[in-house]
Amino acid sequence: MNNQKELIPMQPGDLLRVRREQAGLTLERAGEISRIKPSVLAAIESGETAGIPSVYLRGYIRNYARALAVDLADIEERMEHVRGAEPTVQSVFSVKSTRGRTETWLKASSYLAASAIIAALAWQFTHEAVRFSQGDSQLTAAAVTPAESAPAGKDEGVVPTRPASTHLSASIASVEVMQQRGERGGAAAAEQAWAAIDGKAEVTGLEPGAHQIMVKTSADSWVEILDGQGAQMELDLIRAGHERTYSGSGPFQVMLGRASAVELTLDGEPVDLAPHTSGDVARLTLAGESAPDDSVTADSVKR
Amino acid sequence: MVFKSLRGLFSNDLSIDLGTANTLIYVRGQGIVLNEPSVVAVRMDRGPGGPQHVAAVGTAAKQMLGRTPGNIRTVRPLKDGVIADFNMTEALLQHFIRRVHPSRFLRPSPRVLVCVPCSSTQVERKAIKESAEGAGAREVFLVEEPMAAAIGAGIPVHEARGAMVLDIGGGTSEVAVISLNGLVYSNSVRVGGDQFDDAIINYVRRNYGTLIGEATAERIKIKIGCAWPDEEPESMEVSGRNLAEGVPRNITITSNEVLEAMNESLSSILEAVKTALEQTPPELCADVAETGIVLTGGGALLRGIDRLISEETGLPVFPADDPLTCVARGGGKALEMMDQNDGDFFASN
């Protein structure tokens with residue numbers, strides 16, 4: 001009997017019941033002494049304590065043990081076998097939604113945004129360094145990025161991919177030109193644009209009726225070029241020392257804001273600006289509409 | 001302002017039990033991270049009236065209490081649960097908030113929940129709120145101490161069922177009846193651990209003609225203090241300055257003497273409990289009679305206090321587990337539920 005008791009650990013409830021019965025007390029009398037409701041005492045003795053919050057349950061067991069003069073240390077040892085209702089904190093009324101979740105989200109996204117900004121800055125910095133090392137002048141002709149030229153080739157679905165060395169402050173106007181041309185000529189125009197960018201464009205490679213204009217500046221100059229359809233090919237202030245090449249079908253309406261600082265060539269031949277210049281502003285028409293070959297072009301230049 | 005809220009994203013929410021004796025800080029998701037005496041030591045380099053610098057805070061400052069040279073002053077910035085010295089409270093909070101935020105990169109700007117005595121006035125609450133804001137808090141919420149204590153003790157406060165909690169703190173004792181996440185009745189008496197200490201000092205001076213310090217009185221209270229007569233009284237030897245001779249003398253004090261000393265303070269706490277039972281609506285009073293009274297706060301550790309209240313009221317009375325940290329833990333739980341609860345527990349200010 002004694003051995004059995006040692007093998008099976010006694011629950012506090014069992015111990016208390018045994019002690020109460022030894023003392024010859026009823027539950028009611030025990031309740032009076034300990035000031036705890038008899039129904040609660042019955043629950044403790046039977047171990048059915050899941051409904052009683054644990055803070056109360058532990059207090060009841062200690063008080064009951066004290067009332068029955070049970071050794072408190074003995075009870076404390078067995079207290080871990082006692083399971084009461086776990087304390088919960090709940091809202092009585094409305095439950096407001098997700099401020100906590102929003103805050104976590106905000107925190108995560110601000111981390112992301114910060115790292116994105118840092119990555120972008122780092123990329124830009126290294127890119128700029130490469131650009132400066134390659135030299136600025138090579139890159140001025142490249143006014144179009146591959147992404148920007150993509151819509152140009154959309155008609156045919158064939159977009160040549162090239163290594164892009166982009167001028168970051170590329171003229172938007174020239175991009176528009178490329179796009180307009182793309183609408184008309186599809187992939188061929190895109191190819192042409194790429195040729196212009198790469199600086200490999202040759203007169204022979206152009207389609208019939210197309211001409212190539214090159215503008216080279218020794219000082220900042222305003223340049224405006226309209227092609228045969230009246231579409232804008234260039235509308236920009238070209239900085240000193242830059243060289244830009246345009247190709248399209250004539251006649252071209254050319255306006256140069258500072259003619260003295262600009263060298264203009266048509267299909268590789270220099271154009272004399274002096275006859276068209278008044279007050280350093282040159283206005284001229286190049287490569288008349290009915291001029292498929294160079295000689296007529298030269299005529300129109302002379303005119 | 002924008003930066004404050006941005007910094008806030010990188011700060012943890014805190015629940016602070018700004019007690020007269022001890023300050024506890026609960027960090028959301030981490031538990032109690034700081035438990036230190038609410039004491040600040042101030043250094044005055046150019047004599048009294050000159051500029052003051054905080055020399056030490058918390059445990060380090062408490063060790064200096066009563067043992068300082070002329071240029072250092074130890075301050076307990078809180079008295080009776082409310083702010084007695086605004087600037088020092090701000091310094092104390094600032095120090096503690098920094099300490100629980102290890103990051104030096106961003107100045108912390110947490111949302112802070114502070115526990116206040118339920119009988120504190122609007123002015124006192126505003127002072128606590130402002131000093132927490134001054135210490136760097138982004139937003140300050142106040143919760144009444146008995147409410148936090150009940151949550152921390154594990155009482156199911158959301159039930160439509162009365163529960164009584166008695167929180168005996170350092171400067172105040174608060175008694176409250178709680179139901180449906182709210183205080184039905186609450187009262188606070190300015191009697192707590194400090195008054196027990198004072199009572200012991202006065203008793204020893206009167207009966208032994210010997211002056212003892214606050215720290216000694218506290219030691220006596222913790223070691224042999226009791227609220228219900230012991231069958232086998234314990235005794236303790238302490239030394240103090242004999243008033244007649246002016247020299248240190250050893251005296252031996254017993255636990256029943258300590259009980260006699262604290263009798264008056266204990267009866268005012270009892271009075272508060274009885275008044276609370278009288279004032280509680282009958283339905284809730286019946287609930288309390290069934291469930292009993294839960295004791296929290298440092299005073300719950302006083303031997304026999306549950307017995308005393310139980311004998312006087314006829315109700316089951318028992319201390320909560322780990323009563324010293326109940327308020328801070330309860331504040332922490334309220335903080336964790338804050339976003340869902342829409343501030344059910346928060347006190348108006």
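Some observations on this one:
- Computed FRET value (nearest 0.05) for residue B:198 with residue A:107, which takes r as the C-beta separation and R₀ as 60 Å: 0.80
- For the peptides B:225-231, A:250-256, the ranking by mean Cβ contacts within 10 Å, running from highest to lowest, is A:250-256, B:225-231.
- Whole-percent carbon and sulfur share, accessible surface of the range B:266-341, 1.4 Å: 52 percent
- Counting only protein heavy atoms and a probe of 1.4 Å, the accessible surface of the range A:35-121 is 61% carbon and sulfur.
- Inter-site label distance for residue A:229 and residue A:134 at 7 Å from Cα along Cβ, in nm: 3.0 nm
- Shape of chain B, Cα gyration tensor, a/c cut at 1.5: oblate
- Spin-label pair residue B:133/residue A:116, simplified geometry with 7 Å Cα→Cβ offset, distance in nm: 3.5 nm
- Over 27 Å (Cα to Cα) - which of B:79/B:221; B:62/B:129; B:62/B:274; A:107/B:333 fall in this group: B:62/B:274
- Number of partner chain Cβ atoms within 10 Å, mean per residue of B:151-160: 5
- Radius of gyration and maximum dimension Dmax of the range B:202-294, Cα, Å: 18.2, 60
- Legend: mean number of C-beta atoms from other chains within 10 angstrom of residue C-beta atoms, peptide B:288-294, equals 4.
- FRET E, pair residue A:22, residue B:263, Förster distance 45 Å, beta-carbon r, rounded to 0.05: 0.75
- Per-peptide average of other Cβ atoms within 10 Å, ordering A:111-121, B:172-182 highest first: B:172-182, A:111-121
- Among residues other than residue B:90 with Cβ under 11 Å from its Cβ, the summed charge is -3 (Lys and Arg +1, Asp and Glu -1).
- DSSP bridge pairs, chain B: antiparallel proportion in percent, nearest 5: 75 percent
- Sorted peptide list for B:16-29, A:25-38, A:48-61, B:144-157, criterion being average Cβ within 10 angstrom, highest first: B:144-157, B:16-29, A:48-61, A:25-38
- Residues with amide H under 5 Å from that of residue A:281, placed H, sequence gap 5 or more: A:259
- Sequence-distant residues sharing a close amide H with residue B:144 (under 5 Å, placed H): B:116, B:347
- Rounded FRET efficiency, nearest 0.05, which uses the C-beta distance separating residue A:77 from residue B:72 and R0 of 45 Å: 0.40
- Approximate spin-label separation residue A:127-residue B:311, in nm, with each point projected 7 Å along Cα-to-Cβ: 8.5 nm
- Cβ-based net charge around residue A:27, under 9 Å, with every Lys or Arg adding one and every Asp or Glu removing one: 0
- Backbone amide hydrogens, once placed in the peptide plane, bring residue B:317 within less than 5 Å of B:293, excluding anything fewer than 5 places away on its chain.
- Summed buried accessible area for B+A [probe radius 1.4 Å, Å², rounded to 100]: 3000 Å²
- Residues within the reach of a label modelled at residue B:123 (point 7 angstrom out along Cα to beta-carbon, backbone nitrogen below 18 Å), restricted to the range B:67-84, are B:78-84.
- Averaging Cα coordinates gives a centre for the range B:247-304 and one for the range B:13-27; these two points are 24 Å apart.
- Take each residue of peptide A:83-91, count the partner chain Cβ atoms within 10 Å of its Cβ, and average: the result is 6.
- 1.4 Å probe, heavy atoms, protein only - residues of the range A:45-60 losing at least 10 Å² accessible area vs chain alone: A:53, A:55, A:56, A:58, A:59, A:60
- Rounded if a/c under 1.5, otherwise prolate or oblate - the range B:45-121, Cα gyration tensor axes: oblate
The values are calculated or read from the model by the stated rules, or taken from the named source; none is laboratory data. Since this is a predicted model, take the numbers as computed values, not measurements. Cβ atoms come from the backbone with ideal geometry, glycine included; neighbour counts cover every protein chain shown. Ligands, DNA and RNA are excluded from the accessible area calculation, which covers all protein heavy atoms including side chains. Shrake-Rupley method; radii C 1.70, N 1.55, O 1.52, S 1.80 Å.
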